[in-house]
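S.K.: Below you'll find the structure I mean.
The values are calculated or read from the model by the stated rules, or taken from the named source; none is laboratory data. Quantities reported herein were computed from a predicted structural model and do not represent experimental measurements. Cβ coordinates were reconstructed from backbone atoms using ideal geometry, including for glycine residues, and neighbour counts include every protein chain displayed. Note: areas computed on protein heavy atoms with side chains; ligands, DNA, RNA excluded. Shrake-Rupley method; radii C 1.70, N 1.55, O 1.52, S 1.80 Å.
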Amino acid sequence: MASVSMTVNGKAVTGDVEPRTLLVQFLRENLRLTGTHVGCDTSQCGACIIHIDGIAAKACTTLALQCEGAKITTIEGLAEPGGKLHPMQEAFREHHGLQCGYCTPGMIMSALDIVRRNGNNLDEHTIRDQLDGNICRCTGYHNIVKAIEAGAKAMAK
Amino acid sequence: MSATGIGAPVRRKEDFRFITGQGQYTDDVTRPGETRAVFVRSPHAHAKIKSIDVSAARKMPGVIDVLTGAQLATDKIGNLICGWMIHSKDGSPMKMAAHPALAATKVNCVGDAVAVVIAETIAQGKDAAEKVKVDYEVLPAVVDPAKAQAKGAPQIHPDIENNTIYQWHLGEKKDVDAAFAAAKHVTKLDIVNNRLVPNAMEPRAALADYDAGTDNLTLWNTSQNPHVARLVISAFIGMAPEHKLRVIAPDVGGGFGSKIFIYPEEVVCLWASRKVKRPVKWTSDRSEAFLTDAHGRDHVTHAEMALDANGKILALRAKTIANLGAYMSTFSSSVPTYLYATLLSGQYNIPSIYCEVDAVYTNTAPVDAYRGAGRPEATFVVERLVEVAARQMGIDPADLRRRNFITAFPHQTPVIMAYDAGDYNASLKKAMEIADVKGFAKRKREAARRGKLRGLGYSTYIEACGIAPSQAVGSLGAGVGLWESAEVRVNPTGSVEVLTGSHAHGQGHETTFAQLVSERLGIPFENVSIVHGDTDKVQFGMGTYGSRSGAVGMSAIVKALDKIEIKAKKVAAFMLEAAEGDIEFKDGKFTVAGTDKSAAFGDVALNAYIAHKFTGAELEPGLKETSFYDPTNFTFPAGCHICELDVDIETGRVDIVNWTAVDDFGTIINPMIVEGQVHGGIAQGVGQALMEGAFYDAAGQLVTGSMMDYTMPRAHDLPSFHVGLTETKAPSNPLGMKGCGEAGAIASPAAVINAITDAIGTEHIAMPATANAVWAALQKSQAPKAA
Amino acid sequence: MAMTMTGEVQLPASREVVFAKLNDPEVLKACIPGCETLVMSSPTEFQAVAVTKIGPVKARFKGNVHLTDLDPPNGYKISGEGDGGVAGFAKGGATVTLVEKDGGTLLTYNVEAQIGGKLAQLGQRLVNGAAKKTADDFFKNFAAAMNPPA
Ligand code: FES
Ligand code: FES
């Protein structure tokens, strides 16, 4: 066991982990932040995507110990403290970008990274292309793409 | 239409918790003192277990217990079962082999569980699982359904000769043979409906908690039908009496059929929890899911269609071998029989049909219902035959379809089903307009200039949904009735809870069911909540699959609401001092006919509970009604999908450039949700057609065992879809709904393959039509080649 | 996942010497990539432990190795099966033939191998490459073992 400290959704946290403990396990089991999901064990699905220092990463492929001192944002940290949803969250609801909701946290975190990389005016091609690391089995992506396009625009306001 | 009533695209109630990361899926639930189960699984497809040594594993840190199949047998935990009896042609019952939750003497597929480690943490459990020593005597395996019945093929289960579960048939062979003998044209096809892995994004999970104080067991699991799970685990597996077992299916991350079934792991967790007297949780990792979730499809079929000189279909015959895997999963026997052969008439007037189905065991994962279940296989057979026949006869494929459409209803097919309503010309016409079929030739020429071969493929599908009239399915072998239940509880303040036996795992019932209640009772949408997925809260129900929750589940709610109205009118009559017969109910208000005397719904609800206006002898207090609705017929959603795609001449890569879907689902409660269901279904069907395929090597190793090798559609593999609707009401249920959950997956594979073969000029191409396969086919076809 | 592989290597020693080394546990231990222990239980049977990594799966295999069809100095068949625990199993064999050539010995091998369990599920696309590399490494090591005096 080793001790690890990081900032998660603005809060300083410390925990004891094994060297092999994955970030996603640390978030889900130690911190009980269960919004970050695990959909695979080969780093293919993106259900586990979070932000490390503002950049999207797969929490299933990151060791907790690698994140010493890092600033982590998870889906639970997106809405304003008062409860006002982030425009990207709002867009997913407005455009029916989710069905079972399992891929959704990863999709939203990934969408924000697409905006970070490409700005607020996204076309369908860019979104589909850059959503390559996320799998959704429910929606056929149609409404996810619409939601990301709209969410990106709304973020500019 | 009100902003939240029937037909409105209301935004979903359930979304807030999902987009904020507050969904509660099974793995998110924890219990104090929780332990973790890690299964030891067979690496061999077929082997005798000579011995299992758990002594080293027991000594590992954090290990609480290590349990094996021998102990399971000692504790008399029953086998898993298949609940649908199919009889062979000769009248003999299907041959169901024993399926213990932990194999004790023999393993029959890779991933078969032989032992379970119960440990404090997953990591400790995994470490200990490494130490379980299993001595196997490896046996030869058979994985190909077409080879399973051969002489000399490995025998998988004792006493089940030729690995044959049943040899079933439907229809009149004599009539069909006569029609073929007289036919002007016969089209023949050999078709493999490729094996698929459902891959709901949430892996299966189970958390069992035994309370020694009350002797009660609680199971949280990823189930589409928690009551059925409780019934089977109680009555057949003998885990606990039904009233001592509570099953909770909380938020479930997609199912597509694969979470209907009762699986070994949940049985083992329950058993282990009682043994170690602590909660036991198991969460599948994706690698386990690939090996142990029930797979879908896996049919090998020879099919023929007979036509007259004018392209009128005279008869259809098919012989199918269905792979059911190593064990018979919960509903596996019904999928290649009554959910398949009964749909071989498609949208067409086909005078005679004969279908034979042999179901076989192989050393592969069990196969059961996956989105569409039997109906995609039927649609693929019919729509491929029609397409190829049209091309062979030089008739336009749309035209050949039109010549054969059923236009008069009700229509009795030769394969059990009685279609009650539909307008197949309307959906074909509308789809052809949206897809601009007229402009296709021009687009094809343009594509050719870019080095692409453009193709267009139709699929005019039909399905039988609203599963299902209990008496009918009972006569066909079902072990259960397929009605649905609802309880409507009106609270004293006028808010409403609906307890439904349906279960949502992405379908948005919390929204659509509330829309129905809000409209029917004239109360705000926000004042309605839908409760599902907990056997302690909800009366017995059958769950969600087979596109049944609208047509059957909502019909039960309608019936309960009717009863609520009757009772509420009685209460209102006392309140308004009028005769019960004079009370009218509209827009949430009770009025005395011809007067301005009225009472709001909320006041009536309160009065029902305070009961100051009537005595218990006159009227019982309270406002709560239950209904069990049993449908009188299946429903028959149908429609037309048109796929337009480009094949790259150099690489064989397929790009879908345009997808049109026009479906007739009867009454629509929420078009936004319906469209979402269509999109998702198309994506899975396109996945089947272009990239998905579960392959075992000859030794029974699954070589497409991860998302690296089993490719599912990603965003850039798909276009946006054009979705349209036509509507004929289903006459068999009060709302006129037909169901929409499976249509996309049923329709789309045939549309894709019809389009590819149209583009490259071959008769057939096997699924999945990967770039490699299309390229290889191109080399053999007459189509232009790369320079 | 079954696979087959053939290859040959020219060795600067007589067939007798090569054959003797092919039966020498010390030489085999030094040549098998990742071999940690190799214990002879009879002149034609030994137990080995080797660490192998195929793609994402790394496992310590414990296995029994048998020598059959001994035909000194023309060759033999070496076969074995290894149990990698939850990683799965690997089994297979190689027919080894020795012929005199250019004053030395031409060793030809014909490998047939099969893997199962997690190894096959996750590593199958990589297994041919990994097996080829293992064989190449073995014979490279083996050729090197010819040089120092035995
Ligand atoms: S869990 Fe699938 S990529 Fe992380
Ligand atoms: S919404 Fe279910 S996986 Fe995307």
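S.K.: Tell me, what ³J(HN,Hα) does each residue in the stretch B:525-532 have, in order and in whole Hz, if you take phi through Karplus 6.51 cos²θ - 1.76 cosθ + 1.60 with θ = phi - 60° and put x for Gly and Pro?
M.R.: Each residue's phi maps through the Karplus curve to give 3, 5, 8, 10, 10, 10, 10, 8 Hz.
S.K.: Can you list the trypsin sites (Lys or Arg not before Pro) in the stretch B:503-578 that are in a DSSP coil and have 13 or fewer other beta carbons within 10 angstrom? Before the final figure, lay out the partial values.
M.R.: Details: sites: B:R520, B:K537, B:R548, B:K559, B:K563, B:K567, B:K569, B:K570; in loops: B:K537, B:R548.
Answer in residue order: B:K537.
S.K.: Okay, moving on. Report the Cα centroid-to-centroid distance between the stretch C:31-71 and the stretch B:246-280 in angstrom, as an integer.
M.R.: If you average the Cα positions of each part, the centres end up 41 Å apart.
S.K.: Considering protein heavy atoms only and a 1.4 Å probe radius, which residues within the stretch B:31-65 exhibit an accessible-area decrease of no less than 40 Å² in the full assembly relative to the chain by itself?
M.R.: Buried-area filter returns B:P43.
S.K.: Further question on the same structure: Specify the residue with the greatest mean-square fluctuation among A:T42, A:T61, A:T104, computed from a Gaussian network of chain A linking alpha-carbon atoms under 10 Å apart.
M.R.: So, out of A:T42, A:T61, A:T104, the one fluctuating most is A:T42.
S.K.: Choose one of B:L778, B:A179, B:M239: the residue whose Cα lies farthest towards the positive end of the charge dipole of chain B (beta-carbon charges +1 Lys, Arg; -1 Asp, Glu; about the Cα centre).
M.R.: Of the options given, the answer is B:L778.
S.K.: For the stretch A:1-67 and the stretch B:34-57, what is the centre-to-centre distance using only Cα atoms, to the nearest Å?
M.R.: Comparing the Cα centres of the stretch A:1-67 and the stretch B:34-57, I get a distance of 30 Å.
S.K.: With a Cα-only, solvent-free Debye model of the stretch B:483-629, what are the log10 I(q)/I(0) values at q = 0.22 Å⁻¹?
M.R.: The calculated log intensity ratios at q = 0.22 Å⁻¹ are -1.27.
S.K.: Report the accessible surface area buried between chains B and A, summing both sides, using a 1.4 Å probe on protein heavy atoms only, in Å² rounded to the nearest 100. It would help to have the intermediate numbers written out before the result.
M.R.: Working: alone 28280 and 8250 Å², together 32280 Å².
Roughly 4200 Å² of accessible surface disappears when B and A pair.
S.K.: Taking 0.36 nm per intervening residue step and subtracting the Cα-Cα distance, what contour gain separates B:R31 from B:D630 on full extension? Mind showing how you got there, number by number?
M.R.: Numbers: separation 599, 0.36 × 599 = 215.64 nm, distance 3.77 nm.
In short, 211.9 nm is gained.
S.K.: Turning to a different aspect of this structure: Cα-Cα pairs above 52 Å in chain B: how many percent?
M.R.: Working: 48505 of 309291 pairs.
Tail of the P(r) past 52 Å holds 16 percent of the pairs.
S.K.: Give the long-range amide H neighbours of B:V134: residues separated by 5 or more places, or on another chain, with amide H under 5 Å away, using H modelled in the peptide plane at 1.01 Å from N.
M.R.: B:D53
S.K.: Taking the dipole about the Cα centre of the stretch A:87-156, with the C-beta of Lys and Arg at +1 and of Asp and Glu at -1, give me whichever of A:G119, A:Y141, A:M109 is farthest to the positive side.
M.R.: A:M109
S.K.: Sticking with this structure for a sec: Which residues of the stretch C:96-129 end up with at least 40 Å² less accessible area in the presence of all protein chains than when their chain stands alone, using a 1.4 Å probe?
M.R.: Buried-area filter returns C:Q121, C:L122, C:Q124, C:R125.
S.K.: Treating only the Cβ atoms of Lys and Arg (+1) and Asp and Glu (-1) as charged, compute the dipole magnitude of chain B about its Cα centre; round to the nearest 20 debye. Intermediate values should be presented prior to the final figure.
M.R.: Values: 78 positive and 87 negative charges, 240 e Å.
That gives a dipole near 1160 debye.
S.K.: Which FRET efficiency value, to the nearest 0.05, do you get for A:K157 and C:K132 by plugging their Cβ-Cβ distance into 1/(1 + (r/R0)^6) with R0 = 51 Å?
M.R.: On the way: r = 58 Å, r/R0 = 1.13.
For R0 = 51 Å, the calculated efficiency reads 0.30.
S.K.: Turning to a different aspect of this structure: With a 1.4 Å probe and all protein chains left in place, how much accessible area per residue does the stretch B:91-162 have, in Å²?
M.R.: Values: 3170 Å² over 72 residues.
So the stretch B:91-162 comes to 44 Å² accessible per residue, rounded to a whole number.
S.K.: Additional query: Along Cα→Cβ, 7 Å out, is where each label goes; now give me the distance between the ones at B:D308 and B:F16 in nm to one decimal.
M.R.: Between B:D308 and B:F16, the simple spin-label model gives 6.3 nm.
S.K.: Residues of A:127-136, mean number of Cβ from any other protein chain within 10 Å of their own Cβ, rounded to a whole number? Don't skip to the end; give the middle numbers.
M.R.: Details: counts 2, 7, 3, 2, 3, 4, 2, 3, 7, 8.
For this peptide, the per-residue mean of nearby foreign Cβ atoms is 4.
S.K.: Now a separate question. Along the positive direction of the dipole of chain B (beta-carbon charges: Lys, Arg +1; Asp, Glu -1; about the Cα centre), which of B:P61, B:S720, B:T362 reaches farthest?
M.R.: Of B:P61, B:S720, B:T362, it is B:T362.
S.K.: What is the distance, in nm, between label points placed 7 Å from the Cα along the Cα-to-Cβ direction at B:K59 and at B:D135?
M.R.: 1.8 nm
S.K.: By a straight-distance test (C-alpha under 13 Å), which aspartates and glutamates pair with B:K188 as possible cross-link partners, with residues fewer than eight away in the same chain excluded?
M.R.: Correct list for B:K188: B:E304, B:E383, B:E387, B:E763.
S.K.: What would the Debye equation give as log₁₀ I(q)/I(0) for chain A at q = 0.18, 0.19, 0.20, 0.21 Å⁻¹, counting only Cα atoms as equal point scatterers?
M.R.: Debye curve over Cα of chain A, log10 I(q)/I(0) at q = 0.18, 0.19, 0.20, 0.21 Å⁻¹: -1.04, -1.14, -1.24, -1.34.
S.K.: May I pose another question? Enter the accessible area per residue of the stretch A:2-76 (Å², integer; probe 1.4 Å; all protein chains in place). Intermediate values should be presented prior to the final figure.
M.R.: Details: 2990 Å² over 75 residues.
I get 40 Å² per residue for the stretch A:2-76.
S.K.: All other residues with a Cβ under 10 Å from the Cβ of B:L139 taken together, and with Lys, Arg as +1 and Asp, Glu as -1, what is their net charge? Could the numbers behind the result be given before it?
M.R.: Working: positive: B:K48, B:K106; negative: B:E137.
Local net charge: +1.
S.K.: Considering only Cα-Cα distances, which of the following residue pairs are longer than 18 Å: A:K11/A:K153; B:K50/B:K95; B:K131/B:K281; B:K50/C:K118; C:K58/C:K133; B:K569/B:K624?
M.R.: Values: A:K11/A:K153 29 Å; B:K50/B:K95 26 Å; B:K131/B:K281 20 Å; B:K50/C:K118 21 Å; C:K58/C:K133 15 Å; B:K569/B:K624 13 Å.
Too far apart for the 18 Å limit: A:K11/A:K153; B:K50/B:K95; B:K131/B:K281; B:K50/C:K118.
S.K.: Which FRET efficiency, nearest 0.05, do B:I395 and B:S92 yield, Cβ-Cβ r, R0 60 Å? Could the numbers behind the result be given before it?
M.R.: Working: r = 43 Å, r/R0 = 0.72.
Efficiency for this residue pair is about 0.85.
S.K.: Next question. Please turn the phi angles of the stretch B:643-655 into ³J(HN,Hα) values with the Karplus equation 6.51 cos²θ - 1.76 cosθ + 1.60 (θ = phi - 60°), one per residue in order, whole Hz, x for glycine and proline.
M.R.: 3J(HN,Hα) across the stretch B:643-655, in whole Hz: 10, 10, 9, 10, 10, 7, 5, 6, 10, x, 5, 9, 10.
S.K.: Another question about this same structure. Which percent of the Cα-Cα distances in the protein assembly as shown go past 47 Å? Please list the in-between numbers first.
M.R.: Numbers: 202357 of 597871 pairs.
The share of Cα pairs beyond 47 Å in the protein assembly as shown comes to 34 percent.
S.K.: Could you pull out every residue, at least 5 positions away or on a different chain, whose amide H is within less than 5 Å of the one on B:T651? Hs are placed 1.01 Å off N in the peptide plane, and Pro or chain starts have none.
M.R.: none
S.K.: Further question: Expressed in whole Å with the largest first, what are the equivalent ellipsoid semi-axes of the stretch A:87-156 derived from the C-alpha gyration tensor as the square root of 5 times each eigenvalue?
M.R.: 17, 13, 10
S.K.: Once ligands and nucleic acids are excluded and a 1.4 Å probe is used, how much of C:R60 is accessible, expressed in Å² to the nearest 10?
M.R.: My reading of the accessible area for C:R60 is about 130 Å².
S.K.: Between A:V115, A:V24, A:V13, where does the largest GNM mean-square fluctuation fall for chain A, given springs only between Cα atoms within less than 10 Å?
M.R.: In the Gaussian network model the winner is A:V13.
S.K.: Sticking with this one: Enter the Cα centre distance for the pair the stretch B:538-612 and the stretch B:219-236, rounded to the nearest angstrom.
M.R.: Distance between centres, Cα-based: 32 Å.
S.K.: So how much accessible area does B:Y166 have, in Å² to the nearest 10, using a 1.4 Å probe?
M.R.: That residue has around 0 Å² of solvent-accessible surface.
S.K.: Here's a follow-up. How large is the helix-only mean residue ellipticity at 222 nm for the protein assembly as shown, computed as the sum of -39500 (n - 2.57) over DSSP H runs with n ≥ 4, divided by its residue count, in deg cm²/dmol to the nearest 500?
M.R.: Details: 27 runs with 303 residues, N = 1094.
Here the helix-only value at 222 nm equals -8500 deg cm²/dmol.
S.K.: Tell me the accessible surface of A:R116 in square angstrom (1.4 angstrom probe, heavy atoms of protein chains only), to the nearest ten.
M.R.: 120 Å²
S.K.: Still on this structure, please answer the following. Along the Cα-to-Cβ line of B:H185, 7 Å from the Cα, sits a label point; which residues in the stretch B:375-403 have backbone N less than 18 Å from it?
M.R.: B:382-403
S.K.: Starting from the Cα of B:K147, draw a straight line to each of the lysines and keep only those under 16 Å, dropping any in the same chain fewer than 8 residues away.
M.R.: B:K319
S.K.: Give the accessible surface of the stretch C:2-145 per residue, rounded to a whole number of Å², with probe radius 1.4 Å and ligands, DNA and RNA excluded.
M.R.: Values: 6820 Å² over 144 residues.
Here the per-residue accessible area is 47 Å².
S.K.: Identify all lysines with a Cα-Cα distance to B:K738 below 24 Å; exclude those on the same chain that are fewer than 8 residues away in sequence.
M.R.: B:K13, B:K259, B:K429, B:K430, B:K559, B:K563, B:K729
S.K.: Normalised radius of gyration for the stretch B:214-341, please: alpha carbon Rg relative to 2.2 N^0.38 Å, two decimal places. Walk me through the numbers on the way to the answer.
M.R.: Working: Rg = 20.1 Å, N = 128, 2.2 N^0.38 = 13.9 Å.
Compared with the compact-globule rule of thumb, the stretch B:214-341 sits at 1.45.
S.K.: Ignoring ligands, DNA and RNA, how much accessible area is buried between chains C and B, both sides summed, with a 1.4 Å probe, to the nearest 100 Å²?
M.R.: Values: alone 8010 and 28280 Å², together 34940 Å².
What C and B bury together is about 1300 Å².
S.K.: Once you have the Cα-Cα distance between B:N162 and B:S51, take 0.36 nm times their residue separation minus that, and quote the gain in nm to one decimal.
M.R.: Working: separation 111, 0.36 × 111 = 39.96 nm, distance 2.78 nm.
Taking B:N162 through B:S51 to full extension adds about 37.2 nm, to one decimal.
S.K.: Whose amide H sits under 5 Å from the amide H of B:V357, counting only residues 5 or more places off or on another chain, with H placed in the peptide plane?
M.R.: Here B:W168, B:H169, B:T320 satisfy the definition.
S.K.: Heavy-atom accessible surface, probe 1.4 Å, ligands and DNA/RNA ignored: which residues of the stretch B:674-696 lose at least 30 Å² versus the isolated chain?
M.R.: B:G676, B:H679
S.K.: Oh, and also: Take each complete run of DSSP H in chain B, measure how far its Cα atoms stretch along the helix's own axis, and keep only those covering 30 Å or more with mean Kyte-Doolittle hydropathy at least 0.0; list them. Show your work: numbers first, answer last.
M.R.: On the way: long enough: B:555-576 (31 Å, 0.72).
Flagged H segments are B:555-576.
S.K.: Can I ask one more? R0 = 30 Å: FRET efficiency of B:A771 with A:R116, Cβ-based, nearest 0.05? Could you put the intermediate results ahead of the total?
M.R.: On the way: r = 32 Å, r/R0 = 1.08.
That gives a FRET efficiency of 0.40.
S.K.: So how far apart, in nm, are the two label points at B:E584 and B:D175 if each is 7 Å from Cα heading toward Cβ?
M.R.: About 5.2 nm separates the two model spin labels.
S.K.: How large a share of the accessible area of the protein assembly as shown, in percent, is made up of carbon and sulfur atoms when the probe is 1.4 Å and the other protein chains stay in place?
M.R.: Numbers: 20560 of 38930 Å².
Of all accessible area on the protein assembly as shown, carbon and sulfur atoms account for 53 percent.
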